[in-house]
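Structure first, commentary second.
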Amino acid sequence: MEYLSSAVFIIGLLAEVSLFALLIVMGKRLGQALELPSYHRFYWMAMLVLLLPLPFAWIFLATKAWGFPEPGTQSVFAIKVLAALIPTSLAITFAVFPTAKYWDWIWKELRKPAGGGEDCDEAKD
């Protein structure tokens, strides 16, 4: 059963990588449209942080297939923390900055008054 949960956490990491790939494309286009620096490179760093530990996790968690004794519960937990939780935390931290930079204009639009303002003068004419 631990190997099933190990596969699920690896699939979760790959899902995050695909999300970052989508954010790279969107961030690149949005950066060009808003004439911002290329902050999308932070998403590449986040993907790298997520993908680097995966081969090591596969090796450590597949040791049973190679004749090694089955890892204990504590060692499986330690492998998951080192291979999934810490890299995920770092990757999300890397991704927050460009997301805040690219989508700052939305927050400014949401803070504008809905009913009034300078744009409503045109509707009166």
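We did not get these values from a lab; they are worked out from the coordinates using the rules stated. Just so you know, these numbers come straight off a predicted model, no measurement behind them. Methodologically, a virtual Cβ is constructed for each residue, glycine included, from the backbone with ideal geometry; neighbour enumeration extends over all protein chains shown.
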- Pairwise label distance in nanometres, PHE56 with ALA21, each label 7 Å out on the Cα-Cβ vector: 2.4
- Once both labels are modelled 7 Å past Cα along the beta-carbon direction, what's the SER38-VAL8 spacing in nm? 3.9
